[in-house]
Amino acid sequence: GAVVSQHPSWVICKSGTSVKIECRSLDFQATTMFWYRQFPKQSLMLMATSNEGSKATYEQGVEKDKFLINHASLTLSTLTVTSAHPEDSSFYICSASTWGPGQGNYGYTFGSGTRLTVV
Amino acid sequence: EDQVTQSPEALRLQEGESSSLNCSYTVSGLRGLFWYRQDPGKGPEFLFTLYSAGEEKEKERLKATLTKKESFLHITAPKPEDSATYLCAVGMEYGNKLVFGAGTILRVKS
């Protein structure tokens, strides 16, 4: 089945630094990838949708200059948290749609998540 | 407004005590309804996709059903390893985003 690999699984960084999170589709081409943020004991909150080769579409209230998304290839999307602050500490999860012309059934596969702690 | 509501928020069961989780939805057009399992500190793990009212799918102790307004995830004779958060999500007919419910935290005690 479709596999999405997300790295790192956890990261601790100092306030003011930037952190990059990678999301790779291992055995399929992901035209569209999604980035979510999850607070403790809450559900997933969609941050942005990225399409290969084009600018990401951010959800209302998400700062596009703080959360930079790049989807340069059909198998890789990255989320960079710039000038991170303690309030950016959270669990970040990526997802890829596994469907499309010539691809598999309608569905979404999720990465294993990245725990970001900003100190 | 597209909305997905899950109930109960939390459920505690004894091992072997069967029960059901509910996911009600109001969306402009349903493309598919998904059930995922999420363990602490992990990403959601796919369980089922349901496409139309009347559809049912089973996997081990889990069975998912779908009507025009809601979906149920039935858990038969649960085991402690079934403890997790169960997430329901709806894919819309137009667009490619998922709308998630808040989840149900299931705890099964031996």
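The values are calculated or read from the model by the stated rules, or taken from the named source; none is laboratory data. Please read these numbers as outputs of a predicted model, since none were measured by experiment. Here Cβ is always computed from backbone atoms with ideal geometry, including for glycine, and neighbour counts include all displayed protein chains.
Here segment A:13-47 is the region considered, the condition is being among the polar types (S, T, N, Q) and in contact (Cβ under 8 Å) with a residue 24 or more places away in the chain, and the residue that is nearest to B:ALA84 (Cα to Cα) is A:GLN38. Among the residues making up segment B:85-103, those that are within 13 Å of the chain's Cα centre (by Cα) and either closer than 15 Å to A:GLN38 by Cα or within 10 Å of chain A (Cβ to nearest Cβ) (or both) are B:THR85, B:TYR86, B:LEU87, B:CYS88, B:ALA89, B:VAL99, B:PHE100, B:GLY101, B:ALA102, B:GLY103. The set of residues in segment A:49-78 being touching a Leu at 6+ places or on another chain (Cβ under 8 Å) and within 14 Å of another protein chain (Cβ to nearest Cβ) consists of A:GLU52, A:GLU59. Scanning segment A:51-80 for residues that are β-branched (Val, Ile, Thr) and assigned to a strand (DSSP E or B), we see that the one that is surrounded by the most Cβ atoms within 10 Å (Cβ to Cβ) is A:ILE69. Scanning segment A:1-18 for residues that are buried (at least 19 other Cβ atoms within 10 Å of the Cβ) and either under 11 Å from the mean Cα position of the chain (by Cα) or β-branched (Val, Ile, Thr) (or both) returns A:VAL4, A:GLN6. In this entry, A:SER83 passes the filter for residues that are surrounded by fewer than 16 Cβ atoms within 10 Å (Cβ to Cβ), touching a residue at least 24 places away in the same chain (Cβ under 8 Å) and out of contact with any Leu (no Cβ under 8 Å at 6 or more places or on another chain). Which number in (1) modelled with pLDDT of 95 or more; (2) out of contact with any helix residue (DSSP H, G or I) (no Cβ under 8 Å at 6 or more places or on another chain) marks the one condition that B:GLU15 misses? Single failed check for B:GLU15: (2). Any residue that is within 14 Å of chain B (Cβ to nearest Cβ), in contact with a helix residue (DSSP H, G or I) (Cβ under 9 Å, 6 or more places away or on another chain) and among the β-branched types (Val, Ile, Thr) - is there at least one of those in segment A:105-118? Yes, because at least one residue in segment A:105-118 is within 14 Å of chain B (Cβ to nearest Cβ), in contact with a helix residue (DSSP H, G or I) (Cβ under 9 Å, 6 or more places away or on another chain) and among the β-branched types (Val, Ile, Thr). Hey, does segment A:96-117 have a residue that's surrounded by fewer than 19 Cβ atoms within 10 Å (Cβ to Cβ), over 10 Å from the mean Cα position of the chain (by Cα), modelled with pLDDT of 95 or more and more than 17 Å from A:PHE34 (Cβ to Cβ)? Looking for residues that are surrounded by fewer than 19 Cβ atoms within 10 Å (Cβ to Cβ), over 10 Å from the mean Cα position of the chain (by Cα), modelled with pLDDT of 95 or more and more than 17 Å from A:PHE34 (Cβ to Cβ), one finds at least one in segment A:96-117, hence yes.
For segment B:48-84, filtering for residues that are surrounded by fewer than 17 Cβ atoms within 10 Å (Cβ to Cβ), within 14 Å of chain A (Cβ to nearest Cβ) and under 18 Å from A:TYR106 (Cα atoms) leaves 4.
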